[in-house]
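See below for the structure under consideration.
Only the coordinates and a few stated rules stand behind these numbers; no lab work does. Everything quoted here is computed from the prediction, not taken from an experiment. Positions of Cβ are backbone-derived with ideal geometry, glycine not excepted, and every protein chain shown enters the neighbour counts.
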Amino acid sequence: MTQVTLVRHGQANSNLLDYDQLSPLGQQQMRCLADFYRVHWANPARHSGTLQRLLQSDAALTEILGESHTTQSNPAWNEFDFLDIVSQYRPEWQDPESLKYSMANEPDARRVFLREFRKALGVWMSAETTEAKENYKET
């Protein structure tokens, strides 16, 4: 019987402007996962998205498992671009430096960003905007 195993990338960087990178903890998570799978892994076919954190996760698995293969990369596996969605809602945040400046002046930047992100998702999901890179109805 064929077995399919889905692996999500390791923890991403917490810096909003450099989110598409694995954090040190994310690297460690992938090493632990590779150690766990080492006895069960039989050089399977692998597929990945094209985001950096996905490719870095795949590279960590490959390095630790000692495999020689080619992972099939396809952007269809990528997560939606949350910064694009929020910048459509808050156009002044299309410039990363403007977003960084706005957040630097907030006492609880994470909470403020999350509040605005939730609002932006609501607009995106209701299809009130057509400017985003991807359409909610298509994802």
If I model a spin label at residue 126 and residue 90 as a point 7 Å from the Cα along the Cα→Cβ vector, what separation in nanometres do I get? 1.9
Does anyone have the angle between helix 24-37 and the longest principal axis of the chain? Alpha-carbon axes, 0 to 90°, nearest 10? 30
For a quick size check, give me the Cα extents of region 82-138 along its three principal axes, largest first, whole Å. 35, 20, 13
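Within 10 Å of each residue's Cβ, count the other Cβ atoms and sort 103, 125 from fewest upward.
On the way: 103 16, 125 12.
Placing the least packed residue first, the sequence is 125, 103.
Which value, to two decimals, describes the C-alpha radius of gyration of the chain once divided by 2.2 N^0.38 Å? Intermediate results must be reported in sequence, preceding the final value.
Details: Rg = 18.0 Å, N = 139, 2.2 N^0.38 = 14.3 Å.
Here the answer is 1.25, to two decimals.
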Restricting to Cα pairs under 8 Å and 6 or more apart, the percent relative contact order of the chain works out to 18
Within the chain, which is the longest segment containing none of the GluC sites (Glu not before Pro) that sit in a DSSP loop and have at most 12 other Cβ atoms within 10 Å? 1-127
For a footprinting-style exposure proxy, rank 85, 64 by other Cβ within 10 Å, fewest first. 64, 85
In Å, what Kirkwood hydrodynamic radius results for region 21-69 from the alpha-carbon pair distances? 11.0
Given a Förster radius of 22 Å and the C-beta distance between residue 116 and residue 137 as r, what FRET efficiency does 1/(1 + (r/R0)^6) yield to the nearest 0.05? 0.50
Given labels modelled 7 Å from the Cα in the Cβ direction, how far is it in nm from residue 73 to residue 59? 1.0
Taking the simple approach of a point 7 Å from Cα along Cα-to-Cβ for both residue 40 and residue 103, what is their distance in nm? 3.5
So how tilted is helix 52-65 from the main axis of the chain? Cα-based, degrees 0 to 90, rounded to 10. 20
Cβ-Cβ FRET estimate between residue 82 and residue 31, R0 fixed at 22 Å, reported to 0.05: 0.25
